[in-house]
Amino acid sequence: MSKKLLIAVLTIGFLFTLSGAAFSSDAPKTDLEPVMHINTDAARYNDLTEVPRHVPSFQKPVEGLQELAQPTSVLPPPYYCEFIDYSGGAAAYFWTIPDPYGDDYMNMRFTPAEGYCCTLTTAYIAVYPDAFVGTPDMDVVVWDDDGFGYPLNELGRVNVPFASLPTGMGYAAVDMTALNLVFCDGAEFHVGVTTTDQVNNVLAILSDDGSNGQLRSSENWAGFWGLMLDDWGIDVNFLMGVDLCCADMPYSDCYVQDYNCGPAYYWPQPDAYGDDYFNMRMSVEGPETLVAIDIAVYTGYAEFSPADLDVFAWGSVAGFPDLSDVVFNTTVPFGALVFFPAVNIIPVPGDVVMRSDFHVGWSTDDVTPGGNLACLSDDGSCGTLRSSEWWGVWGTMLGDWGVDVNFLISAHMCKDEFSVCYTEAYYCGLAYFWRLPDEYGDIGDYQKISSSGIGCRLEKVRIAMYDTGDPLTYTYNSEFQVWAADA
């Protein structure tokens, strides 16, 4: 029996160790030490008189409320600062570090707002000097969260000397800006405390009475993290707060547009046919920024000769590059090139925003006459008519070579915050036309447009004009304007 019991206990203990949160005792700890705020035994307690609450004899009618014609949501501010303290500053118990159980690193878990990147600027720790022993310094420590509500990695700490701590019960404000800690999109973190000399000194901090707990407080007991509720049987909030300054998160939705399914053929340039500008057609549905271009360069063939690489991005016309619409061009010197299996990543500086199909390709003929480089392609088994070349005329690789290859050329794209687009229109066919001005003196026609959500950007306005056959029509300028609606 003893051996089996021992094995079972060790196994459970091992599982708890892996989980990161364990219990060192089956029974919650006792000896809570309350801070006295109310003494109902005082001689005059029952003689207290409350300030009366004024209640009017007349209540205004609900019909007087002024309702919006169209209820809507107001966009949140792009930048704000806030103070978070889940305890509300309501002190009820004090806690010592160390205590008879060896508890340490008592802490609170904080949750910033989603959709923002928040910088931790200040931490506030309420201390109780009446229970100090010696002259304790205080370390304020910040951890990230392990996903289960416990501290994981220490992100930094700030030491507060004893001389800088309050001399009476109150908050110590601790500047945390030197740690440069930023938490984005609701990433949780923990703020806790310890004292540096636990042999000669004792630090004391404060908590509420546990009536408003959210499983945010924890401590390190015998080397394991545990919730205060589990360790003590009460879900207190420590009187710990933070100042966070938050800004809108930079929009980020980036990806690599790539169509090849593995190298199979190499394509030298120049070749016997005078082919040039091997390229791939890329597609976007809304505004997307071209960030970088990848091109695999191959040199393992007999005709190879050192050459620079001219890299292009063009607009598209009829499914081929529009050589008159060069949206990006740079030359990569031969000495800066890397060769397959490495891939050349060419940054595209500036704000190159694509709104429709475009092409990415390359050349050596333009920059290094006599040089010869090759790019790579797949075997054509996953082609979608995106590859083409120039040999006096544009041709698809399928049409010119009989194989619909995809070159090992890719585009790094970042979608615009407004890349999901739609068209809002209300007409249902043609019926009437309207002149401006007309016989009634009308000088403008207007259409109210309602967006399907908040935070939308107006990209284009389309207006259909009608030719009545009158030679005076459209002999003067027309004016188009956009106004905010009056709700």
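Listed values, structure above:
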| item | result |
| --- | --- |
| Residue match in the stretch 177-186 (condition: touching a Cys at 6+ places or on another chain (Cβ under 8 Å), closer than 23 Å to Thr119 by Cα, among the hydrophobic types (A, V, I, L, M, F, W, C) and open to solvent by 20 Å² or more (accessible area, probe 1.4 Å)) | yes |
| Positions within the stretch 348-398 being open to solvent by 10 Å² or more (accessible area, probe 1.4 Å) and aromatic (Phe, Trp, Tyr), in sequence order | Trp390, Trp391, Trp394 |
| The stretch 267-313: number of residues that are on the phi > 0 side of the Ramachandran plot and either among the basic types (Lys, Arg) or surrounded by fewer than 22 Cβ atoms within 10 Å (Cβ to Cβ) (or both) | 1 |
| The stretch 80-103, residues that are among the small types (Gly, Ala, Ser) and open to solvent by 30 Å² or more (accessible area, probe 1.4 Å) | Gly88, Gly89, Ala90, Gly102 |
| Residues that are crowded, with 16+ Cβ neighbours inside 10 Å and among the acidic types (Asp, Glu), drawn from the stretch 104-145 | Asp104, Asp137, Asp139, Asp144, Asp145 |
| Failed criterion for Ser410 (all others in (1) open to solvent by less than 60 Å² (accessible area, probe 1.4 Å); (2) among the small types (Gly, Ala, Ser); (3) assigned to a loop (DSSP other than H, G, I, E, B) hold) | (3) |
| Selection within the stretch 148-176 - aromatic (Phe, Trp, Tyr), open to solvent by less than 50 Å² (accessible area, probe 1.4 Å) and within 22 Å of the chain's Cα centre (by Cα) | none |
| Residue that is farthest from Leu155 (Cα to Cα) [pool: residues in the stretch 125-145 that are out of contact with any Leu (no Cβ under 8 Å at 6 or more places or on another chain) and not in a loop (DSSP other than H, G, I, E, B)] | Asp130 |
| Residue count for the stretch 70-124, restricted to those that are in a strand (DSSP E or B) and closer than 18 Å to Leu32 by Cα | 9 |
| Any pair with Cβ under 9 angstrom, 6 or more apart, that starts in the stretch 130-146 at a residue that is among the small types (Gly, Ala, Ser) and ends at one that is open to solvent by 30 Å² or more (accessible area, probe 1.4 Å) and not in a strand (DSSP E or B) | Ala131/Glu33; Gly134/Phe162; Gly134/Asp197; Gly134/Asn200 |
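Let's see how each residue does on (1) charged (D, E, K, R); (2) over 30 Å from Gly88 (Cβ atoms); (3) touching a residue at least 60 places away in the same chain (Cβ under 8 Å); (4) open to solvent by 40 Å² or more (accessible area, probe 1.4 Å):
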site	(1), (2), (3), (4)
Cys245	no, no, yes, no
Tyr265	no, yes, yes, yes
Ser316	no, yes, no, yes
Asp325	yes, yes, no, yes
Asn329	no, yes, no, yes
Asn344	no, yes, no, no
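The values are calculated or read from the model by the stated rules, or taken from the named source; none is laboratory data. The model shown is predicted, which means the values in this text are computed figures rather than measured ones. No Cβ is skipped: glycine too gets one built from the backbone with ideal geometry, and neighbour counts run over all protein chains shown. Protein only, heavy atoms only, side chains kept; ligands, DNA and RNA dropped before computing areas. Shrake-Rupley method; radii C 1.70, N 1.55, O 1.52, S 1.80 Å.
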